[in-house]
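Comments concern the structure below.
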Amino acid sequence: MPPFTALLHTKNDALRLGRALETLVPCGEILVVDHHSADATGRIAREYGARLVAADSQANPQRYLELARFDWIFCLDPGKSITESLQASLFEWSALPGHRVVSGFAGAPAFSVLVREQIGEGWLDCPAPETRLISRGWPLWHGRLPAHEPSAVALEGELLRLAMP
């Protein structure tokens, strides 16, 4: 499999964006779609090597998939981070040779991840995995994130939903 693009939508996320971006080591590209932030969001995105594009209020989410350099896109909110075990799964997934795509787990139409949410001093395991790794032609959306796909294969590791900032 070739590298993949991380896609994040931001708006005034300067206080939490860096934490999300520093976990995206497995990604071949980071694409940040900024929705007219008035804080340092753009500067922070560029410091982490992200390609920054201005959001178009008329565009549907698929429009931004077309801007990605790679055919697979990992969608992430700026208030989330990926664990080291999910990083390892993403490295493993992206290293699969093309001939194993059909027969291996990479033959799925989409991939999901389990989510853990920070609650006070502890963590809550969310009951259902969320679809996050999709191909460029993905048609199903729930806001700016991919809609749930029941057939999505779950990757090992977790996505951490962190309390503000």
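Values quoted throughout were computed directly from the atomic coordinates according to the rules given, and no laboratory measurement underlies them. Predicted, not measured: the structure shown is a model, and the values here were computed from it. Counting neighbours? That spans all protein chains shown, and the Cβs are built from the backbone with ideal geometry, glycine included.
Here are a few things to note about the model shown:
- Extending 7 Å from Cα along the Cβ direction at Leu162 and again at Trp123 yields two label points whose distance is 1.3 nm.
- Computed about its Cα centre, the charge dipole of the chain is approximately 360 debye, with only Lys, Arg, Asp and Glu carrying charge at their Cβ.
- Once the chain from Ala38 to Ala59 is taken as fully extended at 0.36 nm per residue, the excess over their C-alpha distance is 5.5 nm.
- Restricting the GluC sites (Glu not before Pro) of the range 1-59 to loop positions (DSSP other than H, G, I, E, B) with no more than 11 neighbouring Cβ atoms within 10 Å leaves Glu22.
- Listed residues Trp72, Trp123, Trp93, most fluctuating in the chain (Gaussian network, C-alpha, under 10 Å): Trp123
- Within the range 127-165, backbone nitrogen closer than 15 Å to the virtual label 7 Å beyond the Cα of Leu15 toward Cβ: 162-165
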